1. Regarding residue 97, is this residue hydrophobic (A, V, I, L, M, F, W, C) and not in a loop (DSSP other than H, G, I, E, B)?
2. Looking at (1) free of Cβ contacts under 8 Å to residues at least 60 places away in the same chain; (2) closer than 21 Å to residue 10 by Cβ; (3) in contact with a strand residue (DSSP E or B) (Cβ under 7 Å, 6 or more places away or on another chain), find the lone condition where residue 132 falls short.
3. With (1) surrounded by 20 or more Cβ atoms within 10 Å (Cβ to Cβ); (2) in a loop (DSSP other than H, G, I, E, B) as the list, and residue 5 as the residue in question, which single condition is left unmet?
4. Take the residues in the range 136-174 that are outside any helix (DSSP H, G or I) and of a type in the set (S, T, N, Q), then tell me which one is nearest to the chain's Cα centre (by Cα).
5. Is at least one residue of the range 78-98 over 25 Å from residue 163 (Cα atoms), among the basic types (Lys, Arg) and at pLDDT 95 or above?
6. Counting residues that are more than 23 Å from residue 111 (Cβ to Cβ), among the charged types (D, E, K, R) and touching a Gly at 6+ places or on another chain (Cβ under 9 Å), which strands (runs of 3 or more DSSP E) fully inside the range 26-82 reach at least 3?
7. Could you tell me which of the residues 21, 83 is β-branched (Val, Ile, Thr) and under 18 Å from residue 126 (Cα atoms)?
8. From the set of residues in the range 138-153 that are surrounded by fewer than 16 Cβ atoms within 10 Å (Cβ to Cβ) and touching a residue at least 12 places away in the same chain (Cβ under 8 Å), which is nearest to residue 103 (Cα to Cα)?
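The values are calculated or read from the model by the stated rules, or taken from the named source; none is laboratory data. Please read these numbers as outputs of a predicted model, since none were measured by experiment. Quick reminder, even Gly has a Cβ in these numbers, built from the backbone with ideal geometry, and neighbours come from all protein chains shown.
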Amino acid sequence: MKLIVGLGNPGREYAGTRHNVGFGVIARLSEEYGINLNIKEHKAVCGKGMIGTEKVIIAQPQTYMNNSGESIRSFVDYYKIDVEDIIVAFDDIDLPVGTIRIRAKGSAGGHNGVKSIINHLGTNEFARIKIGVGGKPEGGNLVSHVLGRFSKSDEKEISDSLDRACSAVKLMVDGDINKAMNCYN
């Protein structure tokens, strides 16, 4: 069983913000694979289904970004999920808008949600899909930037990146992270 988690913040006020692109990946996976996000457990809204021949849980933690690791740890403990069977999608301010980067492991890179996951799992050995949301404007506030919404001109780029992230998830679930990196990085 694979656990696919999109990071974000719960609540309408955060819907569509840069920080919630991870939630967007999960919403797209839900649509594409007919996996209803109708279960509330492990501090998340989630759904269970299949991607190809693999059983998956797709989840949007409801713990707020900085505590995402609490939810993931709970899933891991309850379902006995191996760390190598976790895929996490999240925003990255160091990538241009719409760019995606896939990594098999890595540091938190300053991302508090990923830092929480590493702290709760005790390892950084989980796969991730970073979605570029662009850096903060010169002299701008980082919090305001990540909690802000995309410009009309960036919305198409983000929509396309969510589609590419879903295609990458399929390859990763099938066990071919190297092919996903070659195709989408």
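1. In short, no.
2. (2) is the only condition that residue 132 fails.
3. (2)
4. 151
5. Kept after step one, since they are over 25 Å from residue 163 (Cα atoms), are these residues of the range 78-98: 78-82.
Of the ones still in play, those that are also among the basic types (Lys, Arg) are 80.
Checking the rest, the ones that are also at pLDDT 95 or above come to 80.
The answer is yes, given that some residue of the range 78-98 is over 25 Å from residue 163 (Cα atoms), among the basic types (Lys, Arg) and at pLDDT 95 or above.
6. It comes to none.
7. Numbers: 21 fails: under 18 Å from residue 126 (Cα atoms).
The match here is 83.
8. Restricting to residues being surrounded by fewer than 16 Cβ atoms within 10 Å (Cβ to Cβ) and touching a residue at least 12 places away in the same chain (Cβ under 8 Å), the top hit is 142.
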